[in-house]
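Beneath this line is the structure, given in structure tokens, with notes to follow.
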Amino acid sequence: MNAYPTTPMPPDSIEGLAWMGGAWYEETSNRCCEEIWSLPNAHTLMGMFRWMSESEVSFYEFMVIKACEDDVEMHVKHFYPTMLGWEERRQTQAFVLSEVRPNRAVFVAKPSSEDPDAEGGWIVYELETADLLVVRLVEASENVKLTLHFQRETPGWPDRFAC
């Protein structure tokens, strides 16, 4: 049995993701990351992500969470600093919302018809405090591949965010 849920949540679950909205940043000794989420509107949330190291952008992501007919899906598209996409032109990485709580959302990788042997995994968002958003990228083996500790944007934060 998986430690992380895999059963899709219904489309109206998207409203339960409003707590993700806002601007978030993380600064460590080897990277600066920022992630910005809109509030749910028109059955969608929209997000942007930027990873920087050594004062240079490493990559960008554009993310959309949308209510579909039977579930809630997240689609992620990665871009090089030149804005060329990593994925093929008509492809994204797709995930399905499999858990939503007032402070936690879990997305399970959606099998791709283009790559049915893809390993899968999860993205877990947890609001640990009002100003701390922890994001975990979890492999199909349930090994946590990456953990990001985002602080909520506060007035004046661009002056402190010095990557």
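Length gained on full extension, T147 to E119: 8.2 nm, using 0.36 nm per residue less the C-alpha separation. For K110, the residues 5 or more places off, or on other chains, whose built amide H falls under 5 Å of its own are A94, F95, V96. Over all other residues within a Cβ to Cβ distance under 13 Å of V57, the charged ones net out to -2, with Lys and Arg as +1 and Asp and Glu as -1.
Computed extension length for R31-T44: 1.8 nm, one decimal, from 0.36 nm per residue of separation with the Cα-Cα distance subtracted. Taking a straight line from the alpha carbon of K110, these lysines sit under 17 Å away, with near neighbours fewer than eight places off in the same chain left out: K66, K77.
3J(HN,Hα) couplings calculated from phi for the stretch 69-82 with the Karplus curve 6.51 cos²θ - 1.76 cosθ + 1.60 (θ = phi - 60°) are, in sequence order, 4, 10, 7, 10, 10, 10, 10, 10, 10, 9, 9, 5, x, 7 Hz; Gly and Pro show x.
Sorting D131, D12 from the fewest to the most surrounding beta carbons within 10 angstrom yields D12, D131.
If amide hydrogens are placed 1.01 Å from N in the peptide plane, which non-local residues have theirs closer than 5 Å to the one on S58? Residues meeting the criterion, in which the H sits 1.01 Å from N, are W51, M52, S53. State, to one decimal in nm, how far the label point of W86 lies from the label point of E54, with both points 7 Å from Cα in the Cβ direction. The two pseudo-label positions are separated by 1.9 nm.
Backbone amide hydrogens, once placed in the peptide plane, bring Y4 within less than 5 Å of nothing, excluding anything fewer than 5 places away on its chain.
Whole-Hz Karplus values for the stretch 11-21 come out as x, 6, 5, 4, 5, x, 9, 4, 5, 6, x Hz, taken residue by residue from phi with 6.51 cos²θ - 1.76 cosθ + 1.60 and θ = phi - 60°; glycine and proline positions read x. Model label sites at A94 and V64, defined 7 Å from Cα along the beta-carbon direction, differ in position by 1.3 nm. When the alpha-carbon atoms of the stretch 11-160 are used, the pair Rg, Dmax equals 15.3, 46 angstrom. Computed over the chain, the per-residue total of -39500 (n - 2.57) for DSSP H runs of n ≥ 4 gives a 222 nm mean residue ellipticity of -500 deg cm²/dmol, rounded to 500.
Any read-out appearing in this document is the output of simple, stated calculations on the displayed coordinates, not a laboratory observation. Since we're looking at a predicted model, the values are computed, not measured. Reconstructed Cβ throughout: ideal geometry from the backbone, glycine too, with neighbour counts over all protein chains shown.
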